[in-house]
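The numbers here are math on the coordinates, done by the rules we state, and not lab data. This one's a predicted model, so the numbers in the text were calculated from it and none came from an experiment. As a convention, Cβ positions derive from the backbone with ideal geometry for all residues, glycine included, and neighbour counts pool all protein chains shown.
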Amino acid sequence: MLKINGARLWDSLMEMAKIGATPEGGVSRVAVSEEDRLGRDLLRSWATPLVEDFHIDEVGNMFFVRHGQQPESPVILTGSHLDTQIHGGRFDGAFGVMAGLEVLRTLAEEDIRLPYGIGLVAWTNEEEACYCPAMGSAVFVGKQNLQSALDCVGLNGKVFGEELKKIGYLGRPLELNISAYLEAHIEQGPVLENEKIQIGVVSGAQGQIAMNAEIVGEAGHSGTVPMRLRKDALVCAIDVINACRDLVVEEGKGVFTVGAFKLEPNSRTTIPDKISFGIDLRHPNADSLQNLQNLINKKIKVKAAEHCCQERIEVLFHKEPVVFTDSCVESVQSASDQLKCSSLVMPSGAFHDACLLASQVPTGMIFVPSQKGVSHNPTEYSSQEQLEKGANVLLHALLNLAEKGVPLS
Ligand SMILES: [Zn+2]
């Protein structure tokens, strides 16, 4: 059975991780920085000898295409991103790019020509560590305007398009007939490790609703206002948060987080009169996500009334869940079975380039376990063996798609 070279995959990842390496063992390779340029140059030196076409598009996405049996054969694309968080790790993004590179190396070594071309892509600025929002794949699928991306001013005060040009990766419009997209990625969560499963067959990505909530009560002296006469905004907020959490736990598939919290006036001897907190609600199913949001809104209103407080809720954004294409999910599942890997069908908790590609082409994803679920952190880790399995599943999922043809739904 055809296999990628696991040691070479690991060596390439470690070589790439030297660019922007931090003392804690992580990587800081922020989009359009000097480190990004060096990472791109390294990838280019490895990938161009394996392909017939190399292209940089107008937002700096890099495409390496190994032709199929005909030069004009449509292309099945794989890849991920090389940019990292400021205090990022060695595997987020880089794994998907290096796994795709290994596929190209393997096809070249074995001199395999498929009915489809196989393309490797490195998307620009997935992490939005400096320039927000993320733009490479968003511009590519037409979800973001090119000019607004190029004009984007980063946290460092620099203009994205100017920096992209400076590092030599401002390219030209691309015309590529893409039939499908598969992305390998570390899970960035604890599920696979916890369940001792080797491969995540990703079914899509959770939808997300971000909300700000505010509870307003009445300030008062902590010694003089009797308990029964208080309008304590903090006590109300705690009750609200627990009740909302219970709703989501009971529902079973969603996740609910209050990760930001502000207490006013924040004085030991004053009954708090204003609490603001940020809610992040996610669910893989669109109707269930909406339903949970409605229940949460209702719960906040009811609890606020019980505590004689006022409430305000503001929805910051609502991202619909992404459902990956059956043919792509099946190709990953079959590849995992062919390689005798244990697997779990799961939604992605985080957002990836694949979630944007899914709006345009049949798309799927492969997860490998992340140690302790840690990511966006220097200690992010997956073993050589885990990554090798993931890259082999990618190889065979691509072969499955290329051999069967890809239905466009
Ligand atoms: Zn990533």
*Average silhouette area of segment 59-206, convex hull of alpha-carbon atoms, in square nanometres*: 10.6 nm²
*Taking square-rooted eigenvalues a ≥ b ≥ c of the alpha carbon gyration tensor, is segment 126-271 rounded, prolate or oblate, where a/c under 1.5 means rounded and, failing that, a/b exceeding b/c means prolate?*
oblate
*Rank I275, Y131, P49 by how far each Cα sits towards the positive end of the charge dipole of the chain (+1 on Lys, Arg Cβ; -1 on Asp, Glu Cβ) and give me just the farthest.*
I275
*Which residues' amide hydrogens lie under 5 Å from the amide hydrogen of Y116, considering only partners 5 or more residues apart or on another chain, with H built in the peptide plane?*
Q69
*How do the peptides 163-169, 57-63 rank, highest first, by the average count of neighbouring beta carbon atoms within 10 Å per residue?*
57-63, 163-169
*How far, in degrees from 0 to 90, does helix 94-109 lean away from the longest principal axis of the Cα atoms of the chain, to the nearest 10?*
20 degrees
*Applying the Karplus parametrisation 6.51 cos²θ - 1.76 cosθ + 1.60 with θ = phi - 60° to the phi angles of segment 261-266, what ³J(HN,Hα) value in whole Hz is obtained for each residue in order, glycine and proline being reported as x?*
8, 9, 10, 10, x, 6
*Based on the Cβ-Cβ distance from S45 to K196, what FRET efficiency comes out when R0 is 30 Å, to the nearest 0.05?*
0.20
_Using Cα springs under 10 Å in a Gaussian network model of the chain, which residue among G189, G171, G88 shows the largest mean-square fluctuation?_
G171
_I need the per residue convex hull volume for segment 1-126, using only the alpha carbons, in cubic angstrom as a whole number._
96 Å³
*Greater than 31 Å apart at Cα, pairs in K3/K404; K18/K253; K18/K262; K166/K319; K3/K196; K196/K298*: K18/K253; K18/K262; K166/K319; K196/K298
*Considering Cα pairs under 8 angstrom that are at least six residues apart, work out the relative contact order of the chain and quote it in whole percent.*
23 percent
_Centroid-to-centroid separation of segment 110-135 and segment 329-360 [C-alpha atoms, Å]_ = 16 Å
*Compute log10 of I(q)/I(0) for the chain with the Debye formula, placing one identical point scatterer on every Cα and leaving out solvent, at q = 0.06, 0.08, 0.11, 0.14 Å⁻¹, to two decimals.*
-0.28, -0.48, -0.82, -1.19
_Nearest-0.05 FRET efficiency for V153 and K18, computed from C-beta distance (R0 22 Å)_ = 0.15
*Tell me, what HN-Hα J-couplings in whole Hz come from the Karplus equation 6.51 cos²θ - 1.76 cosθ + 1.60 at θ = phi - 60° for each residue of segment 327-332, using x for Gly and Pro?*
4, 6, 4, 5, 5, 6
*Give me the distance in nm between label points sitting 7 Å out from Cα along the Cα-to-Cβ direction at L146 and E175, one decimal.*
1.4 nm
*For I279, enumerate residues with amide H under 5 Å from its amide H, sequence gap 5+ or separate chain, H modeled in the peptide plane.*
M211, N212, A213
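Between E403 and S288, what FRET efficiency comes out of the Förster formula 1/(1 + (r/R0)^6) with R0 = 30 Å and r the beta carbon distance, rounded to 0.05?
0.25
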*Ranked highest first by average number of other Cβ atoms within 10 Å, how do 31-37, 146-152 line up?*
31-37, 146-152
*By its C-alpha gyration tensor, with a ≥ b ≥ c as the square roots of the eigenvalues, how is segment 342-409 shaped: rounded for a/c under 1.5, else prolate for a/b larger than b/c, else oblate?*
oblate
*E250 versus E110, label points 7 Å from Cα toward the beta carbon: distance in nm?*
5.3 nm
*May I ask for the angle, rounded to the nearest 10°, between helix 384-404 and the longest principal axis of the chain, with both axes built from Cα atoms and the value confined to 0 to 90°?*
70 degrees
*For the chain, give the share of DSSP beta bridges that are antiparallel, in percent and rounded to the nearest 5; count only bridges with both residues there.*
65 percent
*Quick one: what are the phi-derived ³J(HN,Hα) couplings along segment 220-230, Karplus 6.51/-1.76/1.60 with θ = phi - 60°, whole Hz, x for glycine and proline?*
x, 6, 5, x, 9, 8, x, 3, 5, 9, 7
*Want the number for E34 to E330: 0.36 nm per residue separation, take away the alpha-carbon distance, what's left?*
102.6 nm
_Percent of C-alpha pairs per 10 Å bin, segment 207-319, short to long_ = 15, 45, 27, 11, 2
*Using 7 Å Cα-to-Cβ label points, what is the D11/F261 separation (nm, one decimal)?*
5.1 nm
*Would you grab the residues whose amide H sits under 5 Å from the one on H352? Only those 5+ places off in sequence or on another chain, please, with H modelled 1.01 Å from N.*
none
*Does segment 302-350 come out rounded, prolate or oblate by the C-alpha gyration tensor, with a ≥ b ≥ c the root eigenvalues, rounded set by a/c under 1.5 and, if not, prolate when a/b is larger than b/c and oblate if not?*
prolate
_Show me the ranking of peptides 224-231, 210-217 by mean Cβ neighbours inside 10 Å, starting with the highest._
210-217, 224-231
